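Below: the structure, in structure tokens.
The values are calculated or read from the model by the stated rules, or taken from the named source; none is laboratory data. Remember, it's a predicted structure, so these values are computed and weren't measured experimentally. Reconstructed Cβ throughout: ideal geometry from the backbone, glycine too, with neighbour counts over all protein chains shown. Just so you know, the surface numbers come from the protein's heavy atoms only, side chains and all, with ligands and any DNA or RNA stripped out. Shrake-Rupley method; radii C 1.70, N 1.55, O 1.52, S 1.80 Å.
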Amino acid sequence: MEYILKNLGFVCALGDNHNDIIQNARNGDTRAMFSGNVVVDGEKVPFGTAPVAKTHDLRMYDLIDVALNQIIGDIELLKQNYDVNRIGVIIGSSNTGVHEAQKHIESAFKNDMQIESNVITELELGTPSQYIRNKTGFMGPTFTVSTACSSSLKVFESARRLIENGICDAVLVGGVDARCDFALNGFNALSALSKKHTNPMSKNREGINLGEGAALFILERGCCGIKLLGIGESSDAYHLTSPDPTGAGAIASMNMALADAGLKPDDIDFINMHGTGTVANDAMESLAVNTVFGENVLCASTKPLTGHTLGAAGAISMGLSWLMLKYDFVIPHVFDGEYAEDCAKIKLAKSGDITNVNHVLCNAFAFGGSNASLIMGK
């Protein structure tokens, strides 16, 4: 059975429409990333405000709306073609309404006020998927996956299973996360934040930049378009926050994705790496990629362009890869050019590299050793 990713609604630090995202991504334009915040119409949108005219209490909802509006025609077509009770919604997320809840709770404590009940509801992980269900009218299985940074890559396996098992005919699937002080302070406590632009695979790398965004796809059966070919998942449970330095879990997930797709390592043209810019992650992933693919496949981390969007990271990576496949371009790896010795045995993409990309593998590796790899192809 073949599956297609029919369309993409996408907003991130690179832009709020396909054309801007493609232009900024293919040029490796880091000017688009203003501390990972969404930029609209060239304006650097301050953290804590919506990317468009604010219509909701949660920034997350506004990000979702930007993405949904790009695929509204496909959403209506789905409702014409299928019973809405057989169209599911599966979203990967980490932060939901954490930022707004934190501000409200701080204010309530300061002013000796009662915490409003809706604030607690907005913290629930089901919030983004339920919001999309209400906006679209899709009444099939609806839930959120939250496995930290692998959340919105793992959702694609969940969505595929719903279709395989005859529960759904189509699934709106993807990820969303808005930036929040809580996550920012948490990564700072782990000494994982970079004080400069994130610099994956460099000997000078020092950590991540956080970002935000939403990427939403429509997954259904089909043979024409960008295909979902293979998925691999593993859990190495090496450490709460550090990846297994041997890369065992990452190697397992990539090999499973290849086997699921019926492809060999040489069939992969491009790897969109998790590539966070932390010393431990980049060294582990470079070792794992080299073990499975050798030194010849083009690789890049797109996080210098988007920031690390946490629960949305997998879907953001997928969105950029989907655009590469559809419009035949390669996203360059943006860093200072000074390879780290522990990252030297991979081939990082440059502007002007091959454009005939047919198969892309995306990686997402999360805290606790929750690993996912996914292969898309033309």
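Apart from one condition, ASN111 fits all of (1) within 24 Å of ALA313 (Cβ to Cβ); (2) out of contact with any Leu (no Cβ under 7 Å at 6 or more places or on another chain); (3) not aromatic (Phe, Trp, Tyr); the exception is (1).
Which of the helices (runs of 4 or more DSSP H) found entirely inside region 49-151 contain at least 3 residues meeting this: free of Cβ contacts under 8 Å to residues at least 40 places away in the same chain? Show your work before the answer.
Working: elements: 59-70, 72-81, 98-110, 117-122, 127-136.
In region 49-151, 72-81, 98-110, 117-122 are the helices (runs of 4 or more DSSP H) which contain 3 or more residues that are free of Cβ contacts under 8 Å to residues at least 40 places away in the same chain.
Scanning region 209-256 for residues that are in a loop (DSSP other than H, G, I, E, B), open to solvent by less than 50 Å² (accessible area, probe 1.4 Å) and either under 22 Å from ASN165 (Cβ atoms) or free of Cβ contacts under 8 Å to residues at least 12 places away in the same chain (or both) returns a single hit, GLY222. The set of residues from region 118-141 being among the β-branched types (Val, Ile, Thr), within 30 Å of ALA108 (Cβ to Cβ) and open to solvent by less than 50 Å² (accessible area, probe 1.4 Å) comprises VAL119, THR127, ILE132.
Would you tally the residues in region 147-171 being β-branched (Val, Ile, Thr), closer than 22 Å to ASP74 by Cβ and buried (at least 17 other Cβ atoms within 10 Å of the Cβ)? Steps first, answer last, please.
Let us first name the residues in region 147-171 that are β-branched (Val, Ile, Thr), namely 147, 155, 163, 167, 171.
Subset that is closer than 22 Å to ASP74 by Cβ: 155, 163, 167, 171.
If we keep only those that are buried (at least 17 other Cβ atoms within 10 Å of the Cβ) too, we end up with 155, 163, 171.
Result for region 147-171: 3.
Being in contact with a helix residue (DSSP H, G or I) (Cβ under 6 Å, 6 or more places away or on another chain) and on the phi > 0 side of the Ramachandran plot holds for only one residue in GLY213, GLY140, GLY207, and it is GLY213.
From the set of residues in region 169-208 that are of a type in the set (Asp, Glu) and not in a strand (DSSP E or B), which is nearest to LEU58 (Cα to Cα)?
The initial filter retains those residues of region 169-208 that are of a type in the set (Asp, Glu), namely 169, 177, 181, 206.
Applying the additional criterion that residues be not in a strand (DSSP E or B) yields 169, 181, 206.
Working: ASP169: 30, ASP181: 14, GLU206: 31 Å.
Among those that are of a type in the set (Asp, Glu) and not in a strand (DSSP E or B), it is ASP181.
Each residue in region 13-30 was checked for being outside any helix (DSSP H, G or I) and either open to solvent by less than 40 Å² (accessible area, probe 1.4 Å) or of a type in the set (Gly, Ala, Ser) (or both), and 6 pass.
Cβ separations smaller than 7 Å between residues 6+ apart or across chains give the following pairs from region 1-16 residues that are free of Cβ contacts under 8 Å to residues at least 40 places away in the same chain to residues that are open to solvent by 10 Å² or more (accessible area, probe 1.4 Å): GLY15/ASN24; GLY15/ALA32; GLY15/VAL39. Just one of the numbered conditions (1) under 20 Å from the mean Cα position of the chain (by Cα); (2) within 23 Å of GLY175 (Cβ to Cβ); (3) open to solvent by 10 Å² or more (accessible area, probe 1.4 Å) is not true of ASP260: (1). May I ask you to list the residues in region 306-361 that are closer than 26 Å to PHE217 by Cα and among the hydroxyl-bearing types (Ser, Thr, Tyr)? Passing the criteria: THR306, THR309, SER317, SER321, TYR327, THR355. Spot the failing condition for SER351; the list is (1) modelled with pLDDT of 95 or more; (2) over 22 Å from the mean Cα position of the chain (by Cα), and only one is missed. The number of the failed condition is (1).
For beta carbons closer than 9 Å, sequence separation of 6+ or different chains, a first residue in region 355-366 that is among the charged types (D, E, K, R) and a second that is surrounded by fewer than 24 Cβ atoms within 10 Å (Cβ to Cβ), there are no qualifying pairs.
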